[in-house]
1. Quick check, is A180 in contact with a Leu (Cβ under 9 Å, 6 or more places away or on another chain), of a type in the set (G, A, S) and farther than 22 Å from R101 by Cα?
2. Here are some residues: D59, D47. Which one is assigned to a loop (DSSP other than H, G, I, E, B), of a type in the set (D, E) and in contact (Cβ under 8 Å) with a residue 40 or more places away in the chain?
3. Just to be sure I understand, how many residues within the range 29-74 are farther than 21 Å from L145 by Cβ and within 12 Å of the chain's Cα centre (by Cα)?
4. Which residue, of D112, D47, D142, is closer than 19 Å to H172 by Cβ, modelled with pLDDT under 95 and among the charged types (D, E, K, R)?
5. Conditions: (1) within 20 Å of A6 (Cα to Cα); (2) surrounded by fewer than 20 Cβ atoms within 10 Å (Cβ to Cβ); (3) hydrophobic (A, V, I, L, M, F, W, C). L177 meets all but one. Number of the miss?
6. Every residue in the range 69-103 that is among the small types (G, A, S), more than 22 Å from F167 (Cα to Cα) and open to solvent by less than 60 Å² (accessible area, probe 1.4 Å), please.
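The values are calculated or read from the model by the stated rules, or taken from the named source; none is laboratory data. Fair warning: this is a prediction, and the values are worked out from it, not measured in the lab. We place every Cβ from the backbone using ideal geometry, glycine too, and count neighbours over all the protein chains shown. Accessible surface is based on the protein model in full, side chains and every heavy atom, while ligands, DNA and RNA are left aside. Shrake-Rupley method; radii C 1.70, N 1.55, O 1.52, S 1.80 Å.
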Amino acid sequence: MSWLPADPDAVSALVPTGLRPHPDRRVFLGQCVVDDESQTSGLGAYDLTYLGASLDGVDAPGGAIPGGWWTHYITSTERVLGYVRMRGFPAYPGSTTIDVRAGTLVAETEMDGVPVVRIRCRVGETGHVIASGQSRYFTRWDGQLLSSIYPYLVEPVSPFEVESIEFLEPEHPTYALRPANPLTIVAGYYSPRVAFAYPGGPTVHPGDAGLPDEQAGGALAAAAARRPTRVVSRPVSR
């Protein structure tokens, strides 16, 4: 899903030189649980949460979805951490759970055993609609910006409504990406069954890769220090 942020300037500060934040400074998030090793090609069972800033002028193929700059990629296994770090992902160890009961979905992400993001949604049943497309995400590796395309297939549920998004740790760098209050959702879905693929090879994007990795960590911490809200609810359609 994606939303409008509480602190647009903090989101802009996370985007490196060579890329432009989306005009409305929207933030995106994805949470996924892979239940069984038979569902992957060599990565085993794992879970993940990724967060970042949507971009301007570098849409995914088709032009419907803005490209994204990853700020956090949180995953549960050393195998996946090693794989994505070699491709420039800002990867951190952590865990994600997705629990659906009586039409309520709660998705929670932990880092170092501490919950940092919790999302609550009302969800319906999977219908007969299959959505497909491609996403475009950027990473930084060896001083260069890399662009990669990720194809996907999803079977979204209907209805789907986000009730709340909570960023639970004001001192944590992820807090810079918290949503505005009232909550304004730009787009979102939940799908019990998803297929996606990591790209075979990234493309070098022209331009400066911006802050070195050690400076980027400082920028994340500084952006997180600005914290006007904690728990956000009352969705507003957009």
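1. Yes: the conditions hold for A180.
2. Going through D59, D47 in turn, the sole match is D59.
3. 6
4. None of the other options fit; the residue is D112.
5. L177 satisfies every listed condition except (2).
6. G82, G88, G103 - these are the residues of the range 69-103 that are among the small types (G, A, S), more than 22 Å from F167 (Cα to Cα) and open to solvent by less than 60 Å² (accessible area, probe 1.4 Å).
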